[in-house]
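The values are calculated or read from the model by the stated rules, or taken from the named source; none is laboratory data. These numbers come from a predicted model, not from an experiment. Glycine also receives a Cβ, built like all others from the backbone with ideal geometry; neighbour counts cover every protein chain displayed. Side chains are part of the model used for accessible areas, which takes the heavy atoms of the whole protein and leaves out ligands, DNA and RNA. Shrake-Rupley method; radii C 1.70, N 1.55, O 1.52, S 1.80 Å.
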Amino acid sequence: MATVAFIGLGNMGGPMAANLIKAGMTVTVFDLVPAAVEALTKQGALSAKTACGAAASADYVITMLPAGKHVHSLYIGDDNNKGLLDVVAKDAILIDCSTIDAGTAQTVGAHAAAKGIEFMDAPVSGGTAGAAAGTLTFICGGSDNAYDKAQTVLTVMGANIFHAGAAGAGQIAKICNNMLLSVLMVGTSESLQLGIDNGLDPKVLSDIMKVSSGGNWTLEKYNPCPDVMDNVPASNDYQGGFMVDLMVKDLGLSQQASVASNSSTPMGALARSLYVNHARQGNGRRDFSSIFEQFAKADEDK
């Protein structure tokens, strides 16, 4: 059975690591938050004092970190600290599931390749519910060999696994997806509020739009209007799920990529502006579907 090092045990990483443990794999974990490590050791994980200690003898190393600077520092190291690339076995498969800029993923991939080590960026989609259920979508960038060997662990944590291309391709595909998701969430929110303003029941309107030309994932799985759908953040005061701050980060990455490739993304730029404003109003740690309130509040202020 595979030995896995899992580094970064937040809202996504913790449940992902738990699914590997349930599958019978030997999982060694590390996180800067002791409580996160303790929660996994209670489920059968081993713990390490350092990230390098966790990764040194693992067949697979999986990381889930906040931003590109953390990924760069962890894998490549600096003048004072060794990076994972300095300690892992040559035949280990390194999988970074963070959502970061493609440039950092490409840089880490190049450093890994220079050492003869397989690195793959594999950002995920599916949220905390998908992480817990083992139904995530993995969007992978790396060699064919890395992609093939990574199936051993990715299929335990996900239901849909795609090979987008070389290192960094997974990140580009992920930010394209999240930019579209943000646009859909904003459009769905304003459409539902328009219906409410004109006397429609939002649940009835949602049912109509789901099977009409306006149907989309937010209506089917993640309705932003409170009390329309059970077991979604909108019906729990927008707690849990995917934070506004993270959506702002991802939309920033999409706009960086847009500038770098001279792409036209006016809807993405507008969505970022709306989410930045929403975060500044104290909503950064709430679920991104809470953008619905921006339209409801505008109505209340009339």
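Working ranking of peptides 260-268, 42-50 by packing, defined as the average number of other Cβ atoms within 10 Å per residue, highest first, is 42-50, 260-268.
Segment THR3..ASN277, full-extension length gain: 94.2 nm, with 0.36 nm per residue of separation and the alpha-carbon distance subtracted.
When shorter helices are ignored and each DSSP H run of at least 4 residues is given -39500 (n - 2.57), the per-residue value for the chain at 222 nm works out to -15000 deg cm²/dmol. Using only side-chain charges placed at the Cβ, +1 for Lys and Arg and -1 for Asp and Glu, the dipole size of segment 71-170 relative to its Cα centre rounds to 160 debye. With both labels modelled 7 Å from their Cα along Cα-to-Cβ, the ILE208 to ALA166 distance reads 5.1 nm. From the alpha carbon centroid of segment 84-148 to that of segment 233-298 is 25 Å.
Sorting 53-61, 109-117 by average packing, meaning the other beta carbons within 10 Å per residue, from highest down gives 53-61, 109-117. Computed from Cα atoms alone, the Kirkwood hydrodynamic radius reported for segment 1-143 is 14.9 Å. A 1.4 Å probe run over segment 186-302, with the rest of the protein chains in place, finds 54 Å² accessible per residue. All distinct Cα pairs of segment 88-203 go into the 1/r average, and the inverse of that average, the Kirkwood radius, is 15.6 Å.
The value of relative contact order for the chain, using C-alpha pairs under 8 Å at least six residues apart, is 13 percent. Pairs from the table (LYS115/LYS249; LYS174/LYS221; LYS149/LYS221) lying more than 26 angstrom apart at Cα are LYS115/LYS249; LYS149/LYS221. Computed from the Cβ-Cβ distance with R0 of 51 Å, the FRET efficiency linking ASP201 to HIS70 stands at 0.65. In the chain the Cα-Cα distances spread across 10 Å bins starting at 0 as 6, 27, 32, 22, 10, 3, 0 percent of all pairs. Cβ-Cβ distance of LYS22 and GLN256, R₀ of 41 Å, FRET efficiency by 1/(1 + (r/R0)^6): the value works out to about 0.65.
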